[in-house]
Amino acid sequence: MELMDMNSMAASIGVSVAVLRFLLCFVATIPVSFAWRIVPSRLGKHVYSAASGAFLSYLSFGFSSNLHFLVPMTIGYASMAIYRPKCGIITFFLGFAYLIGCHVFYMSGDAWKEGGIDSTGALMVLTLKVISCAINYNDGMLKEEGLREAQMKNRLIGMPSLIEYFGYCLCCGSHFAGPVYEMKDYLQWTEGKGIWETSEKRKRPSPYGATIRAILQAAICMALYLYLVPQYPLTRFTEPVYQEWGFWRKFGYQYMAGLTARWKYYFIWSISEASIIISGLGFSGWTDDASPKPKWDRAKNVDILGVELAKSAVQIPLVWNIQVSTWLRHCKYISKESL
């Protein structure tokens, strides 16, 4: 009965059962992330982050997904423990090598061709996390002179414990589709330090308004995607009728097909944003106004209007997959001392 319901639900929105299962688990990251707020003790929060991420991965992709995740996690932690002076560069090359190997393997699989889904998307996010952690730990032993601002901010003086590392890597709010964040931010968030520190004068900001905004944005994006995808299917490009069209009609269809596909990504990133915000990790500080308001930019991975109204391709990396662009621009140019 349950399988029949899944089949009918999947058919109603035009996806496979595997994709529907992933979407349900992905949306479930919102209440799961909310529950993180009421977990007692730092240790409990780390355990909850790791366990909830691993469990949702198991439901979405199967048991093998967690085995895949263990490989880059082991590479990163082992390199930090064994050879700190080169742990960043070791994790960088070995982590990406394994990620590329998984992409090549799954790209040729029958499940991928038949509309299935695998864990390579989450593995990409995880790979960036473990590389980031290793490089920041590497930076922690370098002299402060000559370090960039981002290196100074994110460097790790001490090595994270194993449970802290697992919680950081598998935290379910960002595990499936990002955004990528730093280990130092994760630790401060969990421990209530830095910008998350509260006092009598500075209370913890409420995430609910920003979460509702992100959920509404996700709903609008999904509604537009479901409305447009039957009208502009990608399969049309392989049909004989497409070859009969003139240049301008082909050009218009290509634009609309691309626009339709983008709403799917806007939906995914909006859900991820809501999950990170409601946990509290999405908080990024206060505005400089006379009456300061909380900012939730840490969870923002796309500026929809910025993408759609961009005047040139140069602007796209600043508004599309924002946190990965930040990762590339500010954090991951490995210093000469690390080589």
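Every number in this text was worked out from the coordinates using simple rules, so none of it is lab data. Computed from a predicted model, the values in this text were never measured in an experiment. Cβ coordinates were reconstructed from backbone atoms using ideal geometry, including for glycine residues, and neighbour counts include every protein chain displayed.
Ignoring aspartates and glutamates fewer than eight residues from K153 along the same chain, the ones with Cα atoms less than 13 angstrom from its Cα are D139, E144, E182, D185.
Please give the net charge around M256, taking every other residue with its beta carbon less than 13 angstrom from that of M256, where Lys and Arg add +1 and Asp and Glu add -1. Summing Lys/Arg as +1 and Asp/Glu as -1 gives +3. Two tests apply to each whole DSSP H helix in the chain, Cα reach of 18 Å or more along its axis and mean Kyte-Doolittle hydropathy of at least -0.5, and the ones passing both are 17-36, 42-61, 63-82, 87-107, 120-139, 208-228, 247-279.
Remark: the Cα gyration tensor places the stretch 137-176 in the oblate category, a/c being 1.5 or greater and a/b not exceeding b/c. A straight line joining the Cα centroids of the stretch 264-308 and the stretch 130-175 runs 22 Å. For the set K193/K311; K203/K300; K201/K295; K143/K203; K250/K311; K129/K311, the pairs lying more than 29 angstrom apart at their alpha carbons are K193/K311; K143/K203; K129/K311. Between G285, G146, G167, the Gaussian network model of the chain with springs among Cα atoms under 10 angstrom shows the greatest mean-square fluctuation at G146. I need the shape label for the stretch 2-196. Rule: rounded when a/c is under 1.5, else prolate if a/b > b/c, else oblate, with a, b, c from the alpha carbon gyration tensor. Verdict is oblate for the stretch 2-196.
With q set to 0.14, 0.21, 0.22 Å⁻¹, the log10 of I(q)/I(0) for the stretch 145-283, from the Debye formula over equal scatterers at the Cα positions, is -0.81, -1.23, -1.28. For K45, the aspartates and glutamates whose Cα comes closer than 13 Å to its Cα, not counting residues fewer than 8 places off in the same chain, are E164, E191.
Using DSSP to call loops (not H, G, I, E or B), can you name the chymotrypsin sites (Phe, Trp or Tyr not before Pro) in the stretch 59-155 whose Cβ has at most 15 other Cβ atoms within 10 angstrom? Answer by residue number: Y83. Exposed loop positions in the chain were taken to be GluC sites (Glu not before Pro) whose DSSP state is not H, G, I, E or B and which have at most 11 other beta-carbon atoms within 10 angstrom. Between these positions, the longest stretch is 201-339. For chymotrypsin sites (Phe, Trp or Tyr not before Pro), the sites in the stretch 245-287 that DSSP calls loop and that have at most 13 other Cβ atoms within 10 Å are W245. Between Rg and the Kirkwood Rh of the stretch 116-160, both from Cα atoms, what is the Rg to Rh ratio? Rg/Rh: 1.18.
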